[in-house]
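The values are calculated or read from the model by the stated rules, or taken from the named source; none is laboratory data. Predicted model only: the values in this text are computed from it and were never measured. Here the Cβ positions follow ideal geometry from the backbone for every residue, glycine too, while neighbour counts run over all protein chains shown.
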Amino acid sequence: MTAGETLEIVPVPAFRDNYIWTLRAPGERSVVVVDPGDAAPVLEHLAQEGLELSAILATHHHPDHVGGIAELVAQRKIPVYGPRGEPIATVTHPVAGGDEVSLPQLGVTFQVLDIPGHTRAHVAYYGAGALFCGDTLFACGCGRLFEGTAEQMYESLEKLRSLPDDTRVYCGHEYTLANIGFARAVEPRNDALARREQEARRLREAGRPTLPSTLGEEKQTNPFLRCAEPAVIESANKYLGARIADPVRVFSAIRDWKNRF
Ligand SMILES: [Zn+2]
């Protein structure tokens, strides 16, 4: 077991369906948060658990991911890591793909991955078997293309797809059940997807998050990681009313379909 597998990773819910991920080594009071869109629930969590905030990681510039940073750093001199290519005034340590973020308080070094598409310079943090991917890869879905092209997003998802199957996927929103609804329209005969829907429903009915998922699970059920699968190609063709097979065009078609779903 690596140090990181003993990390305690707890979601702090924010807004309607955001998760602010909190990371700490067991027994330690020092905590790192990912994408604090709102300061209030983080401050409440710190007070309740008796924790000290020691660093912030940001995946992209959207306010529901970075809006709480200014208030959190007002009373603390702590590093804020975030994408070099995006306008986030509170970032003290700009990072880009190929960089490493060493967090000795967690005993973990994260690799920074460039995953543009949702935004121009969106990054992911990968380490200790965990992936923090913001609004790029969702459980059974992917982010909307606000600043990037379908080709960029496809490449970003392929980059994430190449990580090990047991990678735990911590994304920025609880969108899983709605995403599964769309995925079932794309792949009505995918048994793994039907099982996943039952499990996600059970978790949500119990008031629990459906996250993290694993990359292995995403490869079996997430249509946006399955653009070379015959069933997904077939559905994309039906949606377009055209014969295509190129995975980027298949991706683009199902992304467009989901926007209207
Ligand atoms: Zn976003």
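Scan the stretch 22-63 residue by residue and report those that are part of a loop (DSSP other than H, G, I, E, B) and more than 16 Å from the ligand (Cβ to nearest atom).
Within the stretch 22-63, the first condition is being part of a loop (DSSP other than H, G, I, E, B), and the residues that meet it are 25-29, 35-38, 50-51, 58-62.
Within the stretch 22-63, Ala25, Pro26, Gly27, Glu28, Arg29, Gly50, Leu51 meet the criteria.
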Residue under evaluation Lys219, criteria (1) of a type in the set (D, E, K, R); (2) more than 14 Å from Asp165 (Cβ to Cβ); (3) surrounded by fewer than 20 Cβ atoms within 10 Å (Cβ to Cβ), criterion not met: (2)
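Could you please let me know if Gly107 is touching a strand residue (DSSP E or B) at 6+ places or on another chain (Cβ under 9 Å) and at positive phi?
no
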Matching residues, the stretch 92-146, being outside any strand (DSSP E or B) and among the small types (Gly, Ala, Ser): Ala96, Gly97, Gly98, Gly107, Gly117, Ala121, Ala128, Gly129, Gly134, Ala139, Gly143
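Determine which member of the set Thr149, Thr176 is more than 16 Å from the ligand (Cβ to nearest atom), modelled with pLDDT of 95 or more and within 12 Å of the chain's Cα centre (by Cα). Outline the logic, then answer.
On the way: Thr149 fails: within 12 Å of the chain's Cα centre (by Cα).
Only one candidate qualifies: Thr176.
Check whether at least one residue in the stretch 86-96 is within 13 Å of the ligand (Cβ to nearest atom) and either of a type in the set (Lys, Arg) or under 26 Å from Glu158 (Cα atoms) (or both), and report yes or no.
For the stretch 86-96, residues within 13 Å of the ligand (Cβ to nearest atom) and either of a type in the set (Lys, Arg) or under 26 Å from Glu158 (Cα atoms) (or both): present.
Would you please name the residue that is surrounded by the fewest Cβ atoms within 10 Å (Cβ to Cβ), looking only at residues in the stretch 171-191 that are among the small types (Gly, Ala, Ser) and out of contact with any Leu (no Cβ under 6 Å at 6 or more places or on another chain)? Let's see the steps before the verdict.
Going residue by residue through the stretch 171-191, those that are among the small types (Gly, Ala, Ser) are 172, 178, 181, 183, 185.
Pick out the ones that are also out of contact with any Leu (no Cβ under 6 Å at 6 or more places or on another chain) and you get 172, 178, 181, 185.
Values: Gly172: 29, Ala178: 16, Gly181: 13, Ala185: 15.
Out of the qualifying residues, it is Gly181.
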Any chance Leu240 is surrounded by fewer than 19 Cβ atoms within 10 Å (Cβ to Cβ), more than 16 Å from the ligand (Cβ to nearest atom) and closer than 30 Å to Ala121 by Cα: yes
Selection within the stretch 108-144 - away from the ligand (no atom under 16 Å from the Cβ) and free of Cβ contacts under 8 Å to residues at least 40 places away in the same chain: Thr109, Gln111, Val112
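Closer than 28 Å to Leu7 by Cα, out of contact with any Gly (no Cβ under 6 Å at 6 or more places or on another chain) and of a type outside the set (Gly, Ala, Ser): which single residue out of Pro164, Pro188 fits that description?
On the way: Pro188 fails: closer than 28 Å to Leu7 by Cα.
Among Pro164, Pro188, only Pro164 is closer than 28 Å to Leu7 by Cα, out of contact with any Gly (no Cβ under 6 Å at 6 or more places or on another chain) and of a type outside the set (Gly, Ala, Ser).
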Out of Leu51, Leu106, Leu57, sole residue that is among the hydrophobic types (A, V, I, L, M, F, W, C) and in contact with a Lys or Arg (Cβ under 6 Å, 6 or more places away or on another chain): Leu51
Residue within the stretch 64-74 that is in contact with a His (Cβ under 9 Å, 6 or more places away or on another chain), within 16 Å of the ligand (Cβ to nearest atom) and at pLDDT 95 or above present: yes
Residue within the stretch 1-18 that is among the aromatic types (Phe, Trp, Tyr), in contact with a strand residue (DSSP E or B) (Cβ under 6 Å, 6 or more places away or on another chain) and within 19 Å of Cys133 (Cβ to Cβ) present: no
Near pairs, Cβ below 6 angstrom, 6+ apart or cross-chain, from the stretch 145-165 (in contact (Cβ under 8 Å) with a residue 12 or more places away in the chain) to any residue that is among the β-branched types (Val, Ile, Thr) and in a helix (DSSP H, G or I): Glu151/Val248; Tyr154/Val248
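Residue by residue, here is whether (1) crowded, with 19+ Cβ neighbours inside 10 Å; (2) closer than 28 Å to Gly27 by Cα; (3) without any contact (Cβ under 8 Å) to a residue 40 or more places away in the chain holds:
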| residue | (1), (2), (3) |
| --- | --- |
| Ala55 | yes, yes, no |
| Val66 | yes, yes, yes |
| Ile69 | yes, yes, yes |
| Ala74 | no, yes, yes |
| Lys77 | no, yes, yes |
| Val80 | yes, yes, yes |
| Arg84 | no, no, yes |
| Glu100 | no, yes, yes |
| Leu106 | yes, yes, no |
